[in-house]
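Written below as structure tokens is the structure these notes are about.
Only the coordinates and a few stated rules stand behind these numbers; no lab work does. Computed from a predicted structure; not experimentally measured. Here the Cβ positions follow ideal geometry from the backbone for every residue, glycine too, while neighbour counts run over all protein chains shown.
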Amino acid sequence: MLRPKQLLEAIRRVRSQSPTHLGDFAVLKADALGAQANPEVLAQLEPVVGYYPPIDLEALSQLPQGSFGYEYAHHMQINHLSPFTVSPDLDQVARRNVFALRYAITHDIFHVLLGFDTSYAGEIGVLAFAAAQNYSRSQRLGLWLASALYPIMAPGQIRNIFANRRRGLALGQQARCLLSVRFEELWALPLDTVKQDMGI
């Protein structure tokens, strides 16, 4: 169900240009547009309801090279990204729509685990993975739209866009449900170990 007032609040927060409001925007926007997890996925998200611990990139960058946390921090730093944070006043929305919260927070984690960069080709790889994991009907629609639009927006990446789409779909079908994993408790492990445990 569309929530217009909430969509306006999402836009207001992102226009404030505060980095702490990017997570708020992602959660409010997804929830306002009615993005919901499929029922069979929702049942698996119980371990992460209300779970959104802060992520300290500086601390993670001090972990050993090759560790999950170090590689995530490196990815974020070289791409000039900040982890999404969610304001305490959105706790009710976060608990009501755990899918919107968890997908926003783990999106960049998926990039690291799946080996996709942040180009259009990389983004479609992550989206294809999420669609194959069957998190939400909205992601299947998003993948269809991205498959039509990204080649127009980035014609130089056409080959990689479709290669990553195929690879993302294949990885999504073989991996366990990543959306339900508390990745923030695995930072110290080797990235290869985490990937293996996730079926990637």
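Below, the figures for the structure above:
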{"quantity": "Surrounding net charge for residue 38, when Lys and Arg each add one and Asp and Glu each subtract one, Cβ distance under 13 Å", "calculated": "+1"}
{"quantity": "Extension reserve of the residue 59-residue 182 stretch, reckoned as 0.36 nm per residue once the Cα distance is removed", "calculated": "42.5 nm"}
{"quantity": "Spin-label pair residue 149/residue 134, simplified geometry with 7 Å Cα→Cβ offset, distance in nm", "calculated": "2.7"}
{"quantity": "Segment residue 107-residue 173, length gained on full extension (0.36 nm per residue, minus Cα span)", "calculated": "22.0 nm"}
{"quantity": "Other-chain or far-sequence residues with amide H under 5 Å of residue 67's (modelled H)", "calculated": "191"}
{"quantity": "Per-residue ³J(HN,Hα) for region 97-103, Karplus 6.51 cos²θ - 1.76 cosθ + 1.60, θ = phi - 60°, Hz, x for Gly and Pro", "calculated": "10, 4, 4, 4, 5, 5, 5"}
